[in-house]
Amino acid sequence: MKRLTTETGAGQWGSALAFAGALFGLEVTVYMVKVSYEQKPYRRAMMETWGATVYASPSNLTNAGRGILKDDPDSPGSLGIAISEAVEDAATHDDAKYSLGSVVNHVLLHQTVMGQEAKKQMEMAGEYPDVVIACVGGGSNFAGLTYPFIGDKLKGRQPRTRFIAAEPAACPTLTRGVYAYDFGDAVGMGPVVKMFTLGHSFIPDRIHSGGLRYHGDAPSLCALVDHKVVEARAYKQNECFAEAVRFARSEGFLPAPESAHALRAVAEEAAAAREAGEKRTILFGLSGHGHFDMSAYDAYFAGKLEDVELSQSRIDAAIEELPRVPAMS
Ligand SMILES: Cc1ncc(COP(=O)(O)O)c(C=O)c1O
């Protein structure tokens, strides 16, 4: 293999793979969702610094991209479309393989290094969390932090700990999707998996949380939501940015817009604990910094960030396109 292909939304996974490619002497081709490519030019420059080639997706380089552009030349793209393009690129070149950055089990399990470290850190602090919170795009960030703790809960060791998955109201997979078999990519090149989905053809609005604009979610996380082990909540972007600003002003650390969704849930939990007059230990995942998102912060301060009202009819239209299972005779 000479080359890896991949998708990236906000650009974190693309950056990680670009750097890994540089270390291992592999070329890396990144299909970066167009809306993020435009919102965050310096993320692209960072990947290029590590030697990767970055294309805005949908692109004219693949059948998948050309098909989407034919229907909508101004398509903002989505993680599902970028996955289709990266898969097609690898499938049509013998020297290339595709590498997925979230959703599937091996990615989730690699990420659990976060939860395992967090457990050790909690032990050092003499605490165990009452609530664990993280944001969800495809699910690897959430699973990475929470699964080691969820393991304790399922084994009956910490039955009272709760888990909250925070997602954008503009892409409310876990809170408004259907639990069904669907494709992980936009044009249906990959296998179908059972997950909460808004439909593989759903293209979310241009919110500033590129990493959370995915129509489905990791199947194991969806099963945990279905079994009510994990609770999901959806938030609009202005309320998330308000928490990001509050956090930045108290901690000096500027959160990514994706992480701000987790912060919004943290604020709700803290307020509920205060109201109930109880002590609550809240662990949350601060999944990234927002240094490439200053245009989003600017838009928030200028009052120009839109809170998307996602209509049920848009979800229904995409759900109509779910793959059909032939009836058993
Ligand atoms: C800052 C940040 N947080 C969280 C996520 C969520 O990713 P996932 O749920 O797919 O692991 C992303 C994805 O790009 C991100 O950029």
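Table: residues versus (1) over 19 Å from F196 (Cβ atoms); (2) more than 15 Å from the ligand (Cβ to nearest atom); (3) out of contact with any Asp or Glu (no Cβ under 9 Å at 6 or more places or on another chain); (4) charged (D, E, K, R).
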site	(1), (2), (3), (4)
E123	yes, yes, yes, yes
V132	yes, no, yes, no
G138	no, no, no, no
G151	yes, yes, yes, no
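Take the residues in region 228-250 that are part of a helix (DSSP H, G or I) and away from the ligand (no atom under 16 Å from the Cβ); name whichever of them is nearest to G210 (Cα to Cα).
Here is the first cut: in region 228-250, the residues part of a helix (DSSP H, G or I) are 237-250.
Subsequent filtering for residues that are away from the ligand (no atom under 16 Å from the Cβ) retains 238-239, 242, 245-246, 249-250.
Working: N238: 15, E239: 17, A242: 18, V245: 19, R246: 21, R249: 24, S250: 25 Å.
For region 228-250, the residue satisfying everything is N238.
Among S99, S59, which is of a type in the set (S, T, Y) and free of Cβ contacts under 8 Å to residues at least 40 places away in the same chain? Break it down into steps so the answer makes sense when it comes.
Details: S99 fails: free of Cβ contacts under 8 Å to residues at least 40 places away in the same chain.
Criteria check complete, one pass: S59.
Please list, ordered by first then second residue, the pairs with beta carbon atoms under 6 Å, 6 or more apart or interchain, first in region 63-79 and away from the ligand (no atom under 16 Å from the Cβ), second assigned to a helix (DSSP H, G or I) and among the charged types (D, E, K, R).
Taking only residues 6 or more apart or on different chains, the pairs are A64/E85; A64/E88; G65/E85.
Only one of (1) in contact (Cβ under 8 Å) with a residue 40 or more places away in the chain; (2) within 14 Å of the chain's Cα centre (by Cα) fails for F196. Which number is that?
In the conditions (1) in contact (Cβ under 8 Å) with a residue 40 or more places away in the chain; (2) within 14 Å of the chain's Cα centre (by Cα), F196 misses (1) alone.
Loosely packed, with under 13 Cβ neighbours inside 10 Å and in the same structural domain as P148 (by TED's automatic domain parsing): which single residue out of R324, R249 fits that description?
Working: R324 fails: in the same structural domain as P148 (by TED's automatic domain parsing).
So the residue among R324, R249 that is loosely packed, with under 13 Cβ neighbours inside 10 Å and in the same structural domain as P148 (by TED's automatic domain parsing) is R249.
Taking R160 as meeting all but one of (1) more than 16 Å from the ligand (Cβ to nearest atom); (2) of a type outside the set (A, V, I, L, M, F, W, C); (3) over 21 Å from R233 (Cα atoms), write down the number of the exception.
Looking at each condition in turn, R160 falls short on (3).
So, in region 268-286, how many residues would count as being of a type in the set (D, E) and either touching a residue at least 40 places away in the same chain (Cβ under 8 Å) or in a loop (DSSP other than H, G, I, E, B) (or both)? Working first, answer last.
From region 268-286, those of a type in the set (D, E) are 268-269, 275, 278; that's our starting set.
Now restrict to residues that are either touching a residue at least 40 places away in the same chain (Cβ under 8 Å) or in a loop (DSSP other than H, G, I, E, B) (or both): 269, 278.
Of the residues in region 268-286, 2 are of a type in the set (D, E) and either touching a residue at least 40 places away in the same chain (Cβ under 8 Å) or in a loop (DSSP other than H, G, I, E, B) (or both).
Going by the conditions given, is A45 of a type in the set (A, V, I, L, M), assigned to a helix (DSSP H, G or I) and farther than 16 Å from A186 by Cα? Talk me through it step by step, then tell me what you get.
Numbers: of a type in the set (A, V, I, L, M): yes; assigned to a helix (DSSP H, G or I): yes; farther than 16 Å from A186 by Cα: yes.
Against the criterion (of a type in the set (A, V, I, L, M), assigned to a helix (DSSP H, G or I) and farther than 16 Å from A186 by Cα), A45 qualifies.
Among residues belonging to region 94-121 that are over 19 Å from D185 (Cα atoms) and part of a loop (DSSP other than H, G, I, E, B), point out the one that is nearest to the ligand (Cβ to nearest atom).
The selected residue is T112.
Taking into account only those residues within region 156-180 that are charged (D, E, K, R) and in a loop (DSSP other than H, G, I, E, B), which is farthest from V131 (Cα to Cα)? Explain how you work it out, then say what you get.
Of region 156-180, the ones charged (D, E, K, R) are 157, 160, 162, 167, 176.
If we keep only those that are in a loop (DSSP other than H, G, I, E, B) too, we end up with 157, 160.
Working: R157: 15, R160: 9 Å.
Ranking the qualifying residues of region 156-180, first place goes to R157.
The values are calculated or read from the model by the stated rules, or taken from the named source; none is laboratory data. The structure presented is a predicted model; accordingly, all values stated were derived computationally and were not measured. Neighbour counts run over all protein chains shown; Cβ positions are idealised from the backbone, glycine included.
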